[in-house]
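A quick write-up on the structure given underneath.
Taken together, the values in this text are just the output of simple stated rules run on the coordinates, not laboratory data. All values derive from a computational prediction rather than experimental measurement. Here Cβ is always computed from backbone atoms with ideal geometry, including for glycine, and neighbour counts include all displayed protein chains.
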Amino acid sequence: MHECPFTPPYPQPLAKKPGLIRRFYLGWCKSWLDMLHGRAYTMKLGVTQLPAGRAFMVNDMALVEQVLDDAAQFPKHRMVHDMLSPMIGNSVFVSNGEEWAHQRAMVNPAFVHTNLKRAFPLMAAATRDMIARMRGQADAAGGRAVDVDPLMTHVTADVIFRTIFSVKLGEAEAEAVYRAFGEYQSVSQRAHLLRLYRLPGFGLGRRARRLGQRVRAVFAPMVEVRVAQRRGERRDILDALLDARHPVSGAPFTADELVDQLALIFLAGHETTATSLGWALYLLSECPEMQERLHAEIEGATGGGPLDYEHVRALEGVRNLYREALRLYPPVGFLPRTSERPVTMRDKRIGAGELMLVAPWLVQRNPGNWACPHAFAPDRFATPEGAEALKEAWIPFGKGERICIGAGFAQQEAALILAEVIRHFRLEFPAGRRRPEVVARLTLRPRDGFTLVLRPR
Ligand code: HEM
């Protein structure tokens with residue numbers, strides 16, 4: 001089955017569950033992935049006592065479905081709001097219950113702009129610009145390695161920027177977002193750890209708010225200009241959000257609410273895709289023969305001409321590569337929920353308000369769900385067992401009512417970007433360099449980027 005069987009980097013599971021102090025040390029210096037012990041990958045429902053309360057880890061598909069399919073009984077935990085609100089306020093990603101339902105009714109019409117056929121030309125234009133930037137960097141590097149992480153952030157931010165605002169993202173803005181959001185991720189992770197240990201915040205909350213303002217400042221001025229010059233057009237997401245009305249009160253979004261929703265769509269709409277693309281390119285760089293096979297697939301589909309919408313849909317090999325990258329490195333590593341009312345799961349009584357975690361990282365590396373779960377094997381999806389597991393235990397976009405709105409958009413965009421990179425470059429993992437280390441921030445990031453050699457074809 002495996003054309004290039006290898007086990008890409010992941011933190012070696014600990015022999016036994018760490019104590020409270022070791023857990024804090026690992027969380028502060030590394031991330032929660034490094035706190036996992038071997039049994040965490042196979043147990044059905046684990047529980048950890050933390051100073052702020054108990055945390056239940058749900059890692060059995062029947063229980064995962066029970067939790068994710070019932071958003072009324074298992075709404076998002078308060079920590080989602082605490083971690084993200086400096087960036088995205090109380091927008092549709094973090095709200096719950098009736099408030100969430102009303103917000104969803106207001107933002108749903110905006111997502112017609114993420115319709116796959118409609119968005120394709122914007123994606124293709126942003127991807128062409130990215131290939132030009134990559135060529136420039138590859139030429140300047142003259143055979144030395146370049147970090148593809150900022151390149152992936154730039155292109156995915158550009159795609160979503162064009163979809164929201166109908167204009168392309170400038171170099172300086174792309175750089176500002178990359179730096180501020182990167183820093184925000186580590187600040188927010190540490191602030192969250194301190195909260196779980198009931199320790200003072202040491203000013204991290206203030207820093208998070210400042211960084212949030214920096215990202216919001218990239219696009220807030222565009223909103224002001226559009227509001228001032230509105231001519232009733234419906235070109236993009238921003239126009240649709242300006243038209244949105246509350247289903248009960250009939251009120252439009254306030255200026256702050258509008259920026260919250262835009263910030264959410266902008267961040268949810270690019271960071272996740274960028275990180276997963278980085279992992280996919282890294283994985284590919286370790287497999288030269290797979291690159292050649294995918295290159296032949298792309299050339300066979302296009303006959304050497306430009307890649308269009310239908311071609312991208314048909315590139316099963318490229319799509320499987322991306323599915324496997326999302327399985328091994330799901331950008332959203334865990335989904336925090338709480339129990340609205342007390343509930344018994346297996347033999348454990350879970351009280352109202354306690355923390356429950358569904359971790360795509362664990363579900364997708366659970367040997368009960370996947371054969372050779374830590375191995376990189378995109379062709380697994382072409383087998384009946386792999387196709388079944390894809391339906392049952394592949395949850396990088398979540399599941400149930402709160403499933404990602406942008407899943408189709410992200411997969412089309414990623415397949416297009418990967419196919420264009422494969423067409424234009426051979427990727428090599430630099431000899432002698434340490435493999436990327438995965439750390440869990442808000443998304444699963446590489447500690448020091450994805451440094452690869454790009455050889456123009
Ligand atoms: C590879 C790329 C992406 C991944 C892995 C991803 C993952 C997720 C996950 C796991 C959730 C659910 C979180 C939970 O249940 O707690 C989610 C929700 C969401 N995503 Fe994505 N996402 C991606 C791309 C996108 C894109 C491109 C957009 C917008 C165009 C988007 C917009 C949203 C929104 C608005 C929600 C909140 C839905 C709700 O609660 O009503 N995402 N995403």
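Things worth noting here:
- Radius ratio Rg over Rh of the chain, counting only Cα atoms, Kirkwood formula for Rh: 0.95
- Taking chymotrypsin sites (Phe, Trp or Tyr not before Pro) across region 193-281, the ones in a DSSP loop with at most 12 further Cβ atoms lying within 10 angstrom of their Cβ are F202.
- Dipole magnitude (debye, nearest 20) for the chain, charges at Cβ of Lys, Arg, Asp, Glu: 1520 debye
- Computed over the Cα atoms of region 290-397, pair by distinct pair, the Kirkwood hydrodynamic radius stands at 16.3 angstrom.
- Close amide-amide hydrogen proximity is noted between R426 and R455, R457, each under 5 Å apart and 5 or more residues distant or on a separate chain (H modeled in the peptide plane; Pro and chain starts excluded).
- In this simple spin-label model, placing a label point 7 Å from the Cα along the Cα-to-Cβ direction at both S85 and V248 gives a separation of 2.0 nm.
- DSSP beta bridges confined to the chain are antiparallel in about 85 percent of cases.
- Dipole-positive endmost among L427, V58, T272 within the chain (Cβ charges, Cα centre): V58
- Low-density loop positions, trypsin sites (Lys or Arg not before Pro), region 298-347 - DSSP coil, at most 13 other Cβ in 10 Å: R346
- Kyte-Doolittle mean at least -1.0, axial Cα span of 27 Å or more - DSSP H helices of the chain: 116-141, 171-196, 204-228
- For the chain, averaging the sequence separation of C-alpha pairs within contact (under 8 Å, six or more residues apart) and dividing by the residue count gives a relative contact order of 27 percent.
- Report summary: the helix-based calculation at 222 nm, which adds -39500 (n - 2.57) for every DSSP H run with n ≥ 4 and divides by the residues of the chain, gives -16500 deg cm²/dmol.
- Among the listed pairs K30/K391; K44/K117; K44/K399; K117/K168, those with a Cα-Cα distance over 29 Å are K30/K391; K44/K117.
- A cut-off of 5 Å between modelled amide H atoms, ignoring neighbours fewer than 5 places along the same chain, links V47 with M57.
- For region 368-381, Karplus couplings with θ = phi - 60° (6.51, -1.76, 1.60), whole Hz, Gly/Pro x: x, 9, 9, 6, 6, x, 8, 7, 8, 8, x, 6, 4, 6
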